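Encoded as structure tokens, the structure appears first; notes follow it.
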There are 2 protein chains.
Amino acid sequence: MSTTTHTVTGMTCDHCVAAVTEEVSAIDGVSNVDVVLATGQVTVTSTTPIDETALREAVEEAGYVLA
Amino acid sequence: MSTTTHTVTGMTCDHCVAAVTEEVSAIDGVSNVDVVLATGQVTVTSTTPIDETALREAVEEAGYVLA
């Protein structure tokens, strides 16, 4: 298992958290996503180290930016 | 038809706008809801004058506050 923490900017409310969680959770191998709205920290647990490009695309698909 | 404009506080993003629009649109007789995120203005068009209590409850159901 691999756990990494990233920063996402632009989230302002719980709906934003839900959108990011949903998109990142859909990445292959991701088993858990934890988002802290106040800090923008997104902690991703996955079976293999998460692909940065896939993560970036998922965050952008949700409408936000991976810092 | 009746058109009234109200102010809702707490909306921060397009998801918030969608949540308020959905809940207010579900009120009996409401035919159109227009939300301006920047100002919090919610304009409601309905077949009969909208019930203030129903509006307040719908806004609160969405997670926001009718000012």
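The values are calculated or read from the model by the stated rules, or taken from the named source; none is laboratory data. Values in this document were obtained by computation on a predicted structure and should not be read as measured data. Please note: Cβ atoms are built from the backbone with ideal geometry, for glycine as well, and neighbour counts cover all protein chains shown. Accessible surface is based on the protein model in full, side chains and every heavy atom, while ligands, DNA and RNA are left aside. Shrake-Rupley method; radii C 1.70, N 1.55, O 1.52, S 1.80 Å.
Quick notes on this structure:
- For beta carbons closer than 8 Å, sequence separation of 6+ or different chains, a first residue in region A:44-55 that is in a loop (DSSP other than H, G, I, E, B) and a second that is surrounded by 21 or more Cβ atoms within 10 Å (Cβ to Cβ) and not charged (D, E, K, R), the qualifying pairs are A:50/A:44.
- Yes/no for residue A:52 being of a type in the set (D, E, K, R) and at pLDDT 95 or above: no
- Single condition residue A:2 does not satisfy, out of (1) touching a Pro at 6+ places or on another chain (Cβ under 9 Å); (2) within 23 Å of residue B:18 (Cβ to Cβ): (2)
- Any pair with Cβ under 9 angstrom, 6 or more apart, that starts in region B:25-43 at a residue that is outside any strand (DSSP E or B) and ends at one that is among the hydroxyl-bearing types (Ser, Thr, Tyr) and open to solvent by less than 50 Å² (accessible area, probe 1.4 Å): B:27/B:46; B:28/B:46; B:29/B:2; B:29/B:46; B:40/B:64
- Scan of region B:17-67 for residues that are over 8 Å from the mean Cα position of the chain (by Cα), among the small types (Gly, Ala, Ser), open to solvent by less than 60 Å² (accessible area, probe 1.4 Å) and under 28 Å from residue A:64 (Cα atoms), ordered by number: B:18, B:19, B:40, B:62, B:63
- When the residues of region B:1-16 are filtered to those that are open to solvent by 30 Å² or more (accessible area, probe 1.4 Å) and out of contact with any Phe, Trp or Tyr (no Cβ under 7 Å at 6 or more places or on another chain), the one that is farthest from the other protein chains (Cβ to nearest Cβ) is B:1.
- Candidates in region A:56-67 are the residues that are assigned to a loop (DSSP other than H, G, I, E, B) and touching a strand residue (DSSP E or B) at 6+ places or on another chain (Cβ under 6 Å); of these, the one that is nearest to the other protein chains (Cβ to nearest Cβ) is A:64.
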